[in-house]
Amino acid sequence: MEDHQCGTCEIQIPVDSAGGICPACLISDILAAPLAKPREDAPALREGEILGGRYRIGTELGHGGWSVVHLAHRMGNGGGEVAIKVLRPGRDTERHLARFDSEREILMAAQHAYCAEILDSGITEAGTPFIAMEFIPGIPITEFCAVQKLDLPARLKLFQRVLEGIGHAHGCGIVHRDLKPGNILVVDSEDGPLPKIIDFGLARMGPRPTELAELFTKQFQVVGTPVYMSPEQTEGGGTEIDQRSDIYSLGMVLYEMVTGSLPFSDHRLRVVGPDELLRIIREEPVPRPSSQRVDLTGVVDDLVMKALAKNAEDRFADASAFSTAICDFLDQPRSLGRRLVRRIGKGT
Amino acid sequence: MIFDLKDEPGGSEESRSKALAMLCENYWYPVYAYIRKCGRGAEDAQDLTQDFFYKMIHGELFKKADAGKGKLRTFLLTTVARMLVSDWRSRRRQKRGGGAAPLSLDIELAERNYAAEPKDTLTPEKLYDRRWALLTINSVFDQLRGEFNARGKSRHFDLLGECLTPGGSDLPYSEIAAELGLSDAAVRQAVRRLRGRFGELMRERVAFTVEGNAEVEEELRSLMEAFQ
């Protein structure tokens, strides 16, 4: 009986592992997944239910600790599919209601072609608030790049569109705080790849002290992967989180887009204890992208490494500066970067 | 709960039987492998494993130890370790009622498996944890396969089961979709649901071996670390 090596985490997979599956990766995925919905919960919405006389509820698309998202068909108004987000039963506490309301306000403020659009909001028959959003039939940006086999310039141009979307949100005073490939979906449209930034559930208006307890819940129980989290997000103790935290997270996304891998193995981050995890994010140097892919130039290294600086002061000051630096690499006029991220600083 | 094995008035006969069945059927090999790795021969390990579970079933070990605290996995390990340094061997046949064996051990298979265990620096404790983790995963995998079979969807499980981990299947989703007569999006959704269901069953199974739900995540991490 001979073991074989897992291509992802490189452990020796026991030959009698069911289905030949890597047991470490399997448990790692379970730990990363949201905790199962408590069985005693009644569903917030039921398939086939008509919500507010205007949406026929379809399958559940996903759920987090406090909300659930359903696909729904819009009745009238041109029809079409929408995503309905609603608080889970039992989560209609004052804190969650305030958070839900905050997300609705943020979505309304962040209206942009590259951000998920809010279409409607209301109250269910049970008295729970809901938000109707544009349904994005896309896939995570890193997956899109791999599936479409985009070349490096195409990946960078797609990334610039993401910067345009997040730059708009920053201009409105919004910090997303949870940027990662799964929250940047891409649809293949007639105008080329169309990114959409989704899930502003953790977003906040303006700089805001980080809440360590919330982050730990997020790391170890809900979201699972802390690799996109900026060093200052792990600090706690009143450290201010501003738009440069999102720049770091986007730097990590870009790292993955251009190399196809992450600088710190997600698996490793899940295995180490909390103290070591925080030390890695705060202190451990990020290997340059060219160390992962030899065909990348030093310019790409510089772009990514500047975004991933441990100290927020050393990063791009904003999405516009990030986009302008990409323009330089792509030989685009520098003004394009500023124009792409045109709303920064306007505070509209 | 497994701790109903204790001689407590509150432990129902049904839960006790269920706990015993799980304990004996699922977890005898980690105990056997641990004993072998500690240097005992096959025959000796077989006797000691039988002794160990005999005393489990008859409640003697739970009376001796503070079984209500902590995880079943670590409780069994420390108990079997204590057993090995004690003087049980000389007394076991007499205590076990003249050699009555509580388990039907497939020692031939166990020896084949043991012969295939890594020969490197794996400690007895690490081997025990690794085998425990793998048994837990494999039994949940079988349970999930049973759910699919019951719905007449065994072929679905054959193809989707390999997608439980990213990169686990050699087939792209498009080929799985064609084979099952589904759309790519439906396969993607089915894989998501499968992973979610596996996670639920795994948490349920692990919850059975720890004291409270709060320990489930910690125990899952320990099971993952067993393979490092």
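We did not get these values from a lab; they are worked out from the coordinates using the rules stated. In this text the structure is predicted, and so the values were computed from the model without any measurement. Please note: Cβ atoms are built from the backbone with ideal geometry, for glycine as well, and neighbour counts cover all protein chains shown.
Spin-label model, B:Leu122 to A:Ser189: label points 7 Å out along the Cα-to-beta-carbon direction sit 5.4 nm apart.
Can you tell me the FRET efficiency between A:Glu60 and A:Lys306 if r is taken as the Cβ-Cβ distance and R0 is 60 Å, rounded to the nearest 0.05?
Rounded to the nearest 0.05, the efficiency is 0.90.
Taking only the C-alpha atoms of segment B:147-193, the Rg (one decimal) and the largest Cα-Cα distance, Dmax (whole number), read 9.9, 27 Å. Close amide H pairs (under 5 Å, H built 1.01 Å from N) link A:Tyr55 with A:Met75, residues at least 5 positions away or on another chain.
Projected over every direction and averaged, the convex hull enclosing the alpha-carbon atoms of segment B:118-228 yields 8.4 nm².
Pairs from the table (A:Lys85/B:Lys153; B:Lys55/B:Lys119; B:Lys71/B:Lys126; A:Lys85/A:Lys306; A:Lys149/A:Lys196; A:Lys180/B:Lys71) lying more than 25 angstrom apart at Cα are A:Lys85/B:Lys153; B:Lys55/B:Lys119; A:Lys85/A:Lys306; A:Lys180/B:Lys71. For the segment A:9-21, counting C-beta atoms of other chains within 10 Å of every residue's C-beta and taking the mean gives 6. Near A:Phe130, the amide H atoms lying under 5 Å from its own belong to A:Gly122, A:Ile123, A:Thr124; only residues 5 or more places off or on other chains count, and H is placed 1.01 Å from N. Once the Cβ-Cβ distance of B:Gln189 and B:Leu109 is raised to the sixth power relative to R0 = 41 Å, the FRET efficiency obtained is 0.60. Summarising the amide proton neighbourhood of A:Ile11: residues at separation of 5 or more, or on other chains, whose placed amide H is nearer than 5 Å comprise A:Cys6.
What dipole magnitude, in Debye to the nearest 20, does segment A:121-189 give about its Cα centre under +1 on Lys/Arg Cβ and -1 on Asp/Glu Cβ? Walk me through the numbers before you get to the answer.
On the way: 6 positive and 7 negative charges, 61 e Å.
Dipole of segment A:121-189, to the nearest 20 debye: 300 debye.
In order along segment A:6-15, the Karplus-derived 3J(HN,Hα) couplings, from 6.51 cos²θ - 1.76 cosθ + 1.60 at θ = phi - 60°, round to 6, x, 9, 9, 6, 7, 7, 7, x, 5 Hz, and Gly and Pro are given as x. Averaged over the residues of peptide B:219-228, the number of Cβ atoms from other protein chains lying within 10 Å of each residue's Cβ is 6. Model label sites at A:Val299 and B:Lys153, defined 7 Å from Cα along the beta-carbon direction, differ in position by 5.0 nm. The simple Förster model, with R0 at 35 Å and r as the Cβ-Cβ distance, assigns A:Asp151 and A:Ser102 a FRET efficiency of 0.30.
Return the Rg/Rh value of segment A:126-178, two decimal places, where both radii are evaluated on C-alpha atoms and Rh is the Kirkwood radius.
Values: Rg = 15.3 Å, Rh = 13.7 Å.
On the Cα set of segment A:126-178, Rg over Rh gives 1.12.
Per-residue counts of other Cβ atoms within 10 Å, averaged by peptide: what ranking do you get for A:256-262, A:325-331, highest first? All intermediate terms of the calculation are to be shown ahead of the outcome.
Details: A:256-262: 19.6, A:325-331: 15.6.
Output ranking for A:256-262, A:325-331: A:256-262, A:325-331.
Spin-label model, A:Glu283 to A:His4: label points 7 Å out along the Cα-to-beta-carbon direction sit 4.0 nm apart.
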